[in-house]
Amino acid sequence: MTAPRMKPWIEAIHAYVPGRSGGGAGRTVKLSSNENPLGTSPAALAAMRAAADGSNRYPDAASHELRDAIAALHGLEADRVVCGTGSDELLQLLAQAYAGPGDEVLYVHRGFMVYPIAAQRAGATPVAAPDRDYTANVDTLLASVTPRTRLVYLANPNNPTGTMIDREEVERLHAGLPDDVLLVLDSAYAEYIDDAAYEDGIAMARKYENVVTTRTFSKIYGLAAARVGWAYGPAEVIAALNRIRGPFNVNSQAQAAAIAALSDQEFVDRCRRDNAEQRARLTDAVQALGNHGLRPIPSAANFVLVEFPPEGALTAERANEFFTGQGILTRWLPSQDLAHALRISVGTEDETGIVIHALQDFVGQA
Ligand SMILES: Cc1ncc(COP(=O)(O)O)c(C=O)c1O
């Protein structure tokens, strides 16, 4: 008997590994998935509960009202917006629509784990361009482009490193790409940034035929569980995504919650300010442990990558174990060439204090 065989390019995929969740006894401080520690806008939660009443009906298949709300807030054409089951769905579908067997999909080494999976899922070959001190390097990206390159993913800021490149660099990357290569600007953390030099991708996606940008409600909007994201880009790219997305890909509660979340920009502003404050506090505390070989990588997002000494008593692996013993969950990513680092999400003021103390204790007990 012969069993069904999955396609070889599917067999080659290493499944996405999510950040750990709690489960043990006692308090868990979850700083492993870059979620919003301040929760969700009460307006969004109320809208979500109210929408549960209509659960016998399919959701609006085209997320009309949500697209209108996104378009109004960002000054966009609603017909050039498409919503997804998280931005993850849209990132996956972009590879599916624009790359296939024999093609290459380019991304930055130590970039977002979903990109190589998306490329392989489409049967294409993922190609990682070397980074420069944990930051996207436009020169190595452009040098990695071949006639087979069909798509380039750039997370800006990048996950898991938190580093950002400015508008001039993103424009330089675009200018160096052939016109038939799609540039995907993944701006999952855009709302955390208050910097005039930052390019969130919207202006470029409006201007260029080969640029699309993706956004999410999972981060600053505190709706990770609802799974809602969106993309904005040229009509042709949006049409491609609409052809292959799930027909009812964003459920009614998620649509309602996202619409209400957009209307509560006070919540968003508070989260941005709080994140900047706690991120600076965490960064400074790590900096102060520099004589022990710890180093914070400057972050523009809601997490900080912390480098540990590669050997000895103070490795990232040991720190990860030490934190776990205290109920603190951070992210150790040896599979992403980051065995010597931990990614720590920015928590509440209280949680940031706890993780700073744990870092100091870890260094002190060694
Ligand atoms: C860079 C980046 N892009 C996209 C996502 C996916 O977000 P979602 O699918 O929840 O919208 C994440 C989540 O961690 C991310 O870090």
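The values are calculated or read from the model by the stated rules, or taken from the named source; none is laboratory data. Computed from a prediction, not measured in an experiment: that's the story for all the values here. Every residue, glycine as well, gets a Cβ built from its backbone with ideal geometry; the counts of neighbours run over all protein chains shown.
Numbers below:
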read-out	value
Residues of the stretch 1-27 that turn out to be among the β-branched types (Val, Ile, Thr) and at pLDDT below 85, as a count	1
Out of Ala319, Ala313, sole residue that is among the hydrophobic types (A, V, I, L, M, F, W, C), surrounded by 17 or more Cβ atoms within 10 Å (Cβ to Cβ) and not assigned by TED's automatic domain parsing to the domain that holds Ala128	Ala319
Residue in the stretch 226-235 that is assigned to a helix (DSSP H, G or I) and either over 25 Å from Glu266 (Cβ atoms) or of a type outside the set (Ser, Thr, Tyr) (or both) present	yes
Output for the stretch 95-109, where each listed residue is over 14 Å from Asp180 (Cα atoms) and surrounded by fewer than 23 Cβ atoms within 10 Å (Cβ to Cβ)	Gln96, Gly100, Pro101, Gly102, His109
Residues located in the stretch 1-41, provided they are out of contact with any Ser or Thr (no Cβ under 8 Å at 6 or more places or on another chain) and of a type in the set (Asp, Glu)	Glu11
The lone exception for Arg27 - which of (1) within 16 Å of the ligand (Cβ to nearest atom); (2) assigned by TED's automatic domain parsing to the domain that holds Thr352 it fails	(1)
Considering residues of the stretch 144-179 that are in a loop (DSSP other than H, G, I, E, B) and of a type in the set (S, T, N, Q) only, the residue nearest to the ligand (Cβ to nearest atom)	Asn159
Residue match in the stretch 189-198 (condition: charged (D, E, K, R), surrounded by fewer than 19 Cβ atoms within 10 Å (Cβ to Cβ) and either free of Cβ contacts under 8 Å to residues at least 12 places away in the same chain or touching a helix residue (DSSP H, G or I) at 6+ places or on another chain (Cβ under 8 Å) (or both))	yes
Among the candidates Leu282, Leu305, Leu314, residue that is part of a strand (DSSP E or B), of a type outside the set (Phe, Trp, Tyr) and in contact (Cβ under 8 Å) with a residue 12 or more places away in the chain	Leu305
